[in-house]
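The values are calculated or read from the model by the stated rules, or taken from the named source; none is laboratory data. Computed from a predicted model, the values in this text were never measured in an experiment. All Cβ positions, even for glycine, are placed from backbone atoms using ideal geometry, and neighbour counts span all protein chains on display. Note: areas computed on protein heavy atoms with side chains; ligands, DNA, RNA excluded. Shrake-Rupley method; radii C 1.70, N 1.55, O 1.52, S 1.80 Å.
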Amino acid sequence: MFKFLKALRLGLIVTTVLPAVASAQDVNGTLGSAGATMTIPGDRVPPPPMKFGGKIGDTAETSKPWWAPRIVPPKGAPNILLIMTDDQGYGVSGTFGGVIPTPASDSVAASGLRYTEFNSTALCSPTRSALITGRNHHENGFGVIAELSTGYPGYDSYMGEDDATIGEILKEHGYSTTWIGKDHNIPSSAYGAAGPYEQWPSGMGFQYYYGFPGGETDQWTPYLFKDHTQVFPWIGKPDYNLSTDLANEAINHMRELKAADPEQPFFLYYVPGGTHSPHQPPQEWIDKFHGKFDMGWNALRDQIFDNQKRLGVIPQNAKLTPWPDSLPTWDSLSPDEKKLYARQAEVFAAYAAYTDYEIGRVIQEVKDEGKLDNTLIIYMIGDNGTSPEGTLRGTPNQWTAYNGILDIPVKDQLKYYDAWGSSATYPHMAVAWSWAFDTPFKWTKQIASHFGGTRQGLAISWPGHIDDPGGIRNQFHHVIDIVPTILEAAKIKAPTYVNGIKQKPIEGVSMAYTFSKANADAPSTHKVQYFEMIANRGIYKDGWYANTTPPHGPWILNAPLPPIDQYKWELYNLKDDYTQYNDLSAQMPGKLKEMQALFLSEAKKYNVLPLQNTTFDRAISPRPSPLAGKSVYSYQGMVTGIPDGNSPSILDRSYKITADIEVPQGGGDGIIVTEGGRFGGYGLYLLKGKPVFLYNFLALERSRLAGDDVLTPGKHTIVYDFVYDGPGLGKGGKGTLAVDGKTVATLAIPHTVPLLSVADESFDVGADTRTGVNDADYQVPFGFNGKIDNVTFDLGPMQIMSPEDAMKMKKAKAESGD
């Protein structure tokens, strides 16, 4: 009876979860024999119950052994290696004319195809959601990155159960499914131990995950997870770097899969952090590029453009778009500026080359396992254009730019020249380099209206199925086309139901028709595609493209913007104008009006509306959180690794921290509570028995309050009370440190972090898990050697105002003479 119940349970699982009817020809082997397998067609009609091999009431002597058959992919289904790098525009890789060597992507292109008109969404989270679902990013709720989500359907950053990923689909058809690297499709409030985990890889069909959940992380001390558990693999490894670690993890996991079941096809979604900021490659890679960018960004752009024509990855009649007046020319710079900016590009290039090298190691493992001939490799170079988020000058600490500090003087940045890219920096390069690395197009990451933000190099190989190795394909395609391509290669139909939930239609089209040399010049099957990001818009139809003109660069925060319906529009015939060089809007107003109407129709269809063009409003938009409305937080004992989204936010408000501790005999030492680290944050701790509060303002200034007296053994109450000088963003205030009711230090703190805490650090009580807020005082983990009875945060109301309100207040003060 136990065997029957177990078999019946398995049968019911198959009945309710498996995607389709199992006909006689679908079964490999006999239902009821050990080791039987079954392939599943993709029409997603719920199957009938499977037949039990015995009968109720059989005895051990008469009953027959029976096992539910195992689901396997269709015969000949390939392994799938889906690779995507980060923040790399069309002109970065050597494969598409760049000056940075990328032999791994070269090898995929040489054995397969290069695509010259493949497009993303212009931003990280949106592209990633579209890549793994085959649906437009607003349809997935990812109209913007998760950190700027709102409650509107196209912008809530939640992929529903009717939005099954390619991981879920392939898992149901017998693939092993693995996700290594960046995620950025998890709401920040779900990073913590309480989840929920529906939006994590494990909730999206991936059986194994090793990577970081957010948009970026320090490469030397990453915010890293194995499935749902934080891991700290760099401890004791001074040469650790995340890109190598991710490659090692992918290689080791593939070996484990092969050992467990050599015949099971795998799906590996491999998405390293390079080259998103921080740009942090190993020093030996930086050394390879010393002096390679002394020619400057204008000459670099010309060189890339010439290479692209020579390689045939842009048309021979393509025109290089003009250099914008808003960016300086190289010849206009001072010697110090040239020295600093060349260094920034050297480190970026090193990071790109290093990332490609580690990808090459993963591809080599597939080859070493003898699986390359039946592996579909899709290598997408960048999830958007090259990032302009480093400001016009670049920065040794990206968190300054995220918080609106956009002009760190060159002389201050040069102090980091030798350390640029090391663990002492969290760097990004100047915008002009980003523009150059998006050659031959205009604009950069975040700009969905122009191909500088959306055009990606793509290489696909599949030996034996692509009969034109080294070929170039010029059909227009989009990131939503990757899922249909994988499904066609695996002979799996797009599902109607997954886990009993009816699915949204997959909106992309397969690119597999381009694999044949006979179809090298076939018309594109992707006929219409909208683009939108923060109100910059574009619409493609059959070679025509209409788009808005960005009011200003995305590196200029909180500048005045026109009403959304007053953006200027442009029009291009891409068949004759690959780079959006010749605007036809004035000559063809009727065609422009037709394209504008088409954009509006597509926008209504895919949840693009309502449009919103200010990131400030999105940044302060309330979001679902288990801590919403909380103003008092309490912690007992040691608890570490709490993510930023689950911790008390001290931004733009008054607050009080009260710590009830017990100092041991011999004196107290260690962290009581901290959030952030080397690049911004705060810490309350005992240092050689004396209480200290340290506020690290983005590594630009550190405010330190300390008591003069060593605390005696026994119980004490330490209070840090901060009174904010609001209203407004990033104001200073007055801090007071007290012990047992007696003030021991006061200090005026001139500035505070206005918008974003250092999110890839964590909130820790009793120890510091990543980097310290003040290396001069202590080294992590600096665990507290006494007892923490309680730490309480009491938060005042936020005292923010919009940029418009700030301007009104400033004007009123000026008029009143105040």
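Too long at a 19 Å Cα-Cα cut-off: which of Lys442/Lys568; Lys339/Lys445; Lys411/Lys734; Lys568/Lys604? Could the numbers behind the result be given before it?
Working: Lys442/Lys568 16 Å; Lys339/Lys445 25 Å; Lys411/Lys734 30 Å; Lys568/Lys604 21 Å.
Exceeds cut-off: Lys339/Lys445; Lys411/Lys734; Lys568/Lys604.
On alpha-carbon atoms, Rg over Rh for the range 283-363 using Kirkwood Rh? Let's see the in-between values first.
On the way: Rg = 15.2 Å, Rh = 14.7 Å.
Here Rg/Rh amounts to 1.04.
Report the Stokes-Einstein translational diffusion coefficient (µm² s⁻¹, integer) for the range 551-676, Rh taken as the Kirkwood radius over Cα pairs, at 20 °C with viscosity 1.002 mPa s. Translational diffusion coefficient: 102 µm²/s.
Under 5 Å between amide hydrogens, built in the peptide plane, is the criterion, and for Arg473 it picks out Arg114, Tyr115, Thr116 among residues at least 5 positions away or on other chains.
Taking the protein heavy atoms of the range 326-371 in the context of the full set of protein chains, the accessible area attributed to carbon and sulfur is 47 percent at 1.4 Å. Over all orientations, the range 419-543 has a Cα convex hull whose mean projected area works out to 12.3 square nanometres.
Per residue and in cubic angstrom, what volume does the convex hull of the Cα atoms of the range 87-166 have?
Values: hull volume 8.6 nm³, N = 80.
Given the Cα convex hull of the range 87-166, per-residue volume reads 108 Å³.
Gain on full extension, evaluated as 0.36 nm per residue between Asn558 and Asp287 minus their Cα-Cα distance, stands at 93.8 nm. Considering only Ser423, Leu651, Ser516, and ranking their Cα positions along the charge dipole of the chain that arises from unit charges at the beta-carbon of Lys, Arg, Asp and Glu, the one farthest toward the positive end is Ser516.
Between the C-alpha center of the range 477-501 and that of the range 249-298 there is a gap of 27 Å.
For the range 484-550, the relative contact order comes to 19 percent (Cα pairs under 8 Å, sequence separation of at least 6). Taking all protein chains as they are arranged and a probe of 1.4 Å, the heavy atoms of Met798 leave approximately 100 Å² accessible to solvent. The relative contact order of the chain, computed from alpha carbon pairs under 8 Å that lie at least 6 residues apart in sequence, is 15 percent.
Projecting the alpha carbon convex hull of the range 653-707 along each direction and taking the average yields 4.3 nm². Note on Lys258 and Asp412: with the Förster distance fixed at 41 Å, the Cβ-Cβ geometry gives a FRET efficiency of about 0.20.
If packing is taken as the average count of other Cβ atoms within 10 Å, what order do 682-690, 194-202 fall into, highest mean first?
Working: 682-690: 20.9, 194-202: 16.9.
Packing order, densest peptide first, comes out as 682-690, 194-202.
The HN-Hα couplings worked out from phi for the range 323-340 by the Karplus form 6.51 cos²θ - 1.76 cosθ + 1.60 (θ = phi - 60°) are 5, x, 5, 6, 10, x, 7, 4, 5, 7, 8, 7, x, 5, 4, 4, 4, 5 Hz, whole numbers, x standing for Gly and Pro. Distance between the C-alpha centres of the range 329-385 and the range 590-661: 32 Å, rounded to the whole angstrom.
Taking θ as phi - 60° and the Karplus parameters 6.51, -1.76 and 1.60, the scalar couplings of the range 196-212 work out to x, 9, 4, 8, 7, x, 5, x, 10, x, 9, 7, 9, 9, 9, x, 10 Hz in sequence order, x denoting glycine and proline. The magnitude of the dipole of the range 368-454, with charges of +1 and -1 set on the Cβ of Lys/Arg and Asp/Glu and taken from the Cα centre, is near 400 debye. Here the Karplus curve 6.51 cos²θ - 1.76 cosθ + 1.60, taken at θ = phi - 60°, turns the phi angles of the range 131-148 into couplings of 4, 8, 10, x, 10, 4, 5, 5, 5, 8, x, 10, x, 9, 5, 4, 5, 10 Hz, with x standing for Gly and Pro. The residues of the chain expose on average 38 square angstrom of accessible surface per residue, using a 1.4 Å probe on protein heavy atoms.
Taking amide H positions as modeled 1.01 Å from N, with prolines and chain starts lacking one, the residues under 5 Å from Ile100 and 5 or more places away or on another chain are Gly94.
Restricting to DSSP H runs of at least four residues, report the calculated mean residue ellipticity at 222 nm for the chain, -39500 (n - 2.57) per run over all residues, nearest 500 deg cm²/dmol. List each step's numbers first, then the result.
Details: 16 runs with 181 residues, N = 818.
Rounded to the nearest 500, the figure is -7000 deg cm²/dmol.
Taking the Cα centre of the chain as origin and assigning +1 to Lys and Arg Cβ atoms and -1 to Asp and Glu Cβ atoms, the resulting dipole is close to 1300 debye.
Grab the other residues whose beta carbon is less than 11 angstrom from that of Met159, score K and R as +1, D and E as -1, and report the net.
Value of the local net charge: -4.
Based on the inverse mean of 1/r over its pairs of different Cα atoms, what is the Kirkwood hydrodynamic radius of the range 733-801, in Å? Mean inverse Cα-Cα distance, inverted, gives 15.2 Å. One quarter of the convex hull surface built on the alpha carbon atoms of the range 656-801 amounts to 7.9 nm², the projected area averaged over directions.
Considering only protein heavy atoms and a 1.4 Å probe, what is the carbon-and-sulfur percentage of the accessible area of the range 62-207?
Whole-percent figure for carbon plus sulfur exposure: 58.
Packing-based ranking of 750-762, 268-280 yields 268-280, 750-762, ordered from highest to lowest mean Cβ neighbour count within 10 Å.
When DSSP beta bridges are restricted to pairs lying wholly in the chain, around 75% turn out antiparallel. Measuring max minus min along each principal axis, the C-alpha atoms of the chain give extents of 83, 82, 49 Å (largest first).
In terms of the mean number of neighbouring beta-carbon atoms within 10 Å, the peptides 336-348, 519-531 order highest first as 336-348, 519-531. Three principal axis extents of the range 163-295 based on alpha-carbon atoms, in descending order, are 52, 38, 35 Å.
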